[in-house]
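Inspection log for the structure reproduced underneath, given as structure tokens.
The values are calculated or read from the model by the stated rules, or taken from the named source; none is laboratory data. Keep in mind it's a predicted model, so treat the numbers as computed, not measured. Methodologically, a virtual Cβ is constructed for each residue, glycine included, from the backbone with ideal geometry; neighbour enumeration extends over all protein chains shown. What goes into the accessible areas is simple: the full protein's heavy atoms, side chains included, and nothing from ligands, DNA or RNA. Shrake-Rupley method; radii C 1.70, N 1.55, O 1.52, S 1.80 Å.
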Amino acid sequence: MLYSLTLFAYLSSFLLILLHFFHNSRKLYIFSQISMFISVMLNFLTIILRWVSLKQFPASTLFDILSMTMFFLGTGYVILFVKYKRPFLSLLILPFIIAAGVGGFLSENIVYKKQHLSTFWIYIHLPLTIGGTAFFLISALCGILYFMQERQLKNKNFGLIFKNFPPLETINNLNNFSIFTGFVLFSGGIISGIIWGLIEWNGTLILSSKLIFSFITWIIFFIIIIIKKIRGLTPKQAASLSIIGIILILLTYHGVANFLLR
Amino acid sequence: MQLAVVGLNHNTASVDLRECLAVPQEKLEQIYTNILANERIYEALILSTCNRVEYYLVTDDFLCNIESVLKIVAEESNIEIGELKNHTYTYCGKDAIKHLFKVACGLDSLVLGEPQIFGQVKDAFNFAKIYGKVDRFLKKLEESTIKIAKKVRTETGIAENPVSVSYAAVELAKKIFGSLKNKSALIIGAGEMCELAAKHLSSTDINSIVITNRTFEKAENLAREVSGIAKPFENLKEYLMDADIVISSTGAPNFIVSYEDVKSIMIKRKYSPMFFIDIAVPRDIDPKINEIENTYVYDIDDLKSVVEANKKAREKEAVKALQMVDAAVEDFLYWIKSLKIVPAIKGLRSYFEQIRETEIKRLMEKYKGSIDEQLLNYALTSYLNKALHTPLTNLKNLGVSGDKYTLAEAVEILFNLKGE
């Protein structure tokens, strides 16, 4: 029930921001943001209540993973909104949140991990990895936003996208912030995963395909950040790399889940 | 009492006539005194800007009193009253209130949605308080005018999009760079268009403005005006390297900024974005530069299309604003109607209060010493308040509707006798 309510609140926020995009109404803007904040709170409450009812960290079903993904995407947006006040970013993030929410509905009973996840590290590793990935996804969405706005400026289209979407430099800043935050969280996820593997799995996890692929993903973003710092990337290159980065992450996850872990 | 307005604006009178009729601050006291000498004009407000001169009057006979104001204006400006009438408009009651609201919101301005008029309307009210007469009607009108003007500005996009070429150029730069805080601008030329753009830029938080011109003195003059730096024209390519925004408007017959120049500069700049605004005809900046990564070139036609798009956007927002103005006018009319009810409410209350006092006096004399006066007073006051609560509330709520009832119907409604 609470999960349905959360999904409904996210959906309402999306519809309101979509209407605001076309009608430019301050009331719609305010209500969409209130709805977004409420959604994130409800999402958090859903996870906590499920934790209480399961008496273990909710991470053993696909439903739980997707619920957590929704939460981190929502939280990521709220952080960026507080920092940059750019509401139309939610227009790109919310479809992913809603898709994850619908996916959660459809996969409520799919269990992907039968063993009891009681270790301390799962409380750190999983949220950090999902949080990092959520921020990488947001940075890729900022990349898409950059290309959309850049196209408007190059082609001199002064329509709704030009008017409503942020300036190019602001999008670049949003991208930088998301990529750095994602990298820090993801690094924490990788490190805690390694420690978890060493303690729980007697070191055998170190050579597991899952960890190797996660490490490859980490390396990709590490290289992006290093190039950015040392050589300097143009905003366009940064946008392209963050899109390529998230595609590689998704391919890695897909590959690990469907082929290597079978 | 009603509001009436007589005035002229950019649509009805030429700038010469508007100049003639404008009321400078030093003449306000005298004009207000002359207008308010008419006993049937209770309150007055003069709004005088470069685009309009309007006299708002609170009066009970608007036709006669507007005539008297026109005579004063004609005498003051030495213009024939007949000639004056050809250029003026008059509104009364609801239309006058709506007109003022529209003026304050910038809906009647030459540039739709321009923000300066709101400040001018506020100043006019302040001057009216000092030199003229502002009573209950104009006080409420001022409050409502400020409220609707603020509402229109915050809830519609009427003032959001720039409608002048130079302002649009600066706003476009903000669409690329966001804040101009750490950015540098290079202005090539020192003509009128460059001057306007430079002034708009200097009003932002831009880091530096470099001005270069074939005639160095002109560059120096403009640099002084906008707190910029003047540099000789010969080293133009050097300045391009450090500029994020380039605005050019010279009389050169060929391109002065070429594709090859910018291509090599962009490599050195590591493709850090550059925004070129070419306001010159023939053009100064090679349009092919727009093909280079992270460079954006806009010419005068592009800027004009931005301005046209913005004008259309403002017109669209004006429809929303007008709806808000209509609602505000209705609210104000409701307040005016409620004014008529106030004496009736006061009269009714004092009639019953008088009866209460007489009764207390009579009973105290009749039952001297055996009745507690305080208790009696308390009981009768409490009874009075309860008995009058329903009719007074109904009178306040329904009395402004203007509907006509028979006496019997009115009693039924006032005392809620049908129990609805």
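With every protein chain in place and a 1.4 angstrom probe, the accessible-area ranking of A:ARG151, A:ARG86, largest first, reads A:ARG151, A:ARG86.
Cross-link partners for A:LYS156 among the aspartates and glutamates, with Cα-Cα distance under 18 Å and sequence neighbours closer than 8 places in the same chain left out: A:GLU169, B:GLU171, B:ASP278, B:ASP286, B:GLU291, B:GLU293, B:ASP299, B:ASP301, B:ASP302, B:GLU308. Principal axis extents of the Cα atoms in region A:120-262, from largest to smallest and rounded to whole angstrom, are 60, 31, 27. Once all protein chains are placed together, B:TYR334 keeps about 110 Å² accessible to a 1.4 angstrom probe.
In this structure, B:GLN30 and B:ILE267 have a Cβ-Cβ separation that, at R0 = 60 Å, corresponds to a calculated FRET efficiency of about 0.30.
Each Lys and Arg Cβ is given +1 and each Asp and Glu Cβ -1; about its Cα centre, chain A then shows a dipole of about 600 debye.
Residues of region B:177-202 whose accessible area (probe 1.4 Å, heavy atoms of protein chains only) drops by at least 20 Å² once all protein chains are present, relative to their chain alone: B:PHE177, B:GLY178, B:LYS183. With the alpha-carbon atoms of region A:1-111 aligned to their principal axes, the span from lowest to highest coordinate is 45, 26, 20 Å, starting with the largest.
Separation of region B:274-334 and region B:63-116, taken as the distance between their Cα centroids, equals 31 angstrom.
Both chains summed, the buried accessible area for A and B stands near 2100 Å², from protein heavy atoms and a 1.4 Å probe. If you take the alpha carbon atoms of region B:196-320 and fit the smallest convex hull around them, that volume is 132 Å³ per residue. Using θ = phi - 60° in the Karplus curve 6.51 cos²θ - 1.76 cosθ + 1.60, the 3J(HN,Hα) couplings for region B:383-391 round to 4, 4, 4, 5, 5, 8, 4, 5, x Hz; x is entered for Gly and Pro. Here the Kirkwood formula puts the hydrodynamic radius of the protein assembly as shown at 31.6 Å, using every distinct Cα pair. Around the Cα centre of the protein assembly as shown, unit charges on the Cβ atoms of Lys, Arg, Asp and Glu (plus for the first two, minus for the last two) sum to a dipole of about 2560 debye.
All Cα-Cα distances of chain B, cut into 20 Å bins from zero to the largest, leave 20, 33, 28, 13, 5, 1 percent in each bin in turn.
Screening chain A for whole DSSP H helices with an alpha carbon extent of at least 27 angstrom along the helix axis and a mean Kyte-Doolittle hydropathy of at least 1.0 yields A:2-23, A:26-54, A:62-84, A:168-200, A:209-230, A:235-255. Peptides B:314-326, B:354-366, A:164-176 ranked from most to least packed give A:164-176, B:314-326, B:354-366, packing being the mean of other C-beta atoms within 10 angstrom over each peptide's residues. A 1.4 Å probe, protein heavy atoms only, puts the accessible area of A:ILE244 near 90 Å². Taking every alpha-carbon pair in chain A and binning the separations at 5 Å intervals from zero gives 1, 6, 12, 16, 18, 16, 13, 9, 5, 2, 1, 0, 0 percent. Rolling a 1.4 angstrom probe over the protein heavy atoms with all chains in place gives region A:1-111 an accessible area of 47 Å² per residue. Computed on protein heavy atoms with a 1.4 Å probe, the accessible areas place B:CYS50, B:CYS92 in the order B:CYS50, B:CYS92, largest first. The distance linking region B:1-29 with region B:391-418 is 44 Å (Cα centroid to Cα centroid, whole angstrom).
For chain B, the relative contact order works out to 12 percent when only alpha carbon pairs closer than 8 Å and six or more residues apart are counted.
Distant-in-sequence amide contacts of B:LEU180, defined by a placed amide H-H separation under 5 Å and a gap of 5 or more residues or a different chain, comprise B:ASP205.
Among A:56-64, B:381-389, the peptide with the highest mean count of other Cβ atoms within 10 Å heads the list, and the full ranking is A:56-64, B:381-389. In loop segments of region A:19-90 as defined by DSSP, the trypsin sites (Lys or Arg not before Pro) with at most 12 further C-beta atoms inside 10 Å of their C-beta are A:LYS55, A:LYS85. Just for the protein assembly as shown, what percent of DSSP beta bridges are antiparallel, to the closest 5? Bridges in the protein assembly as shown that DSSP calls antiparallel: roughly 50 percent.
Using C-alpha pairs below 8 Å separated by at least 6 residues, the relative contact order for region A:120-262 is 35 percent.
Packing around the peptides B:240-246, B:100-106, taken as the average count of other Cβ atoms within 10 Å per residue, puts them in this order, highest first: B:100-106, B:240-246.
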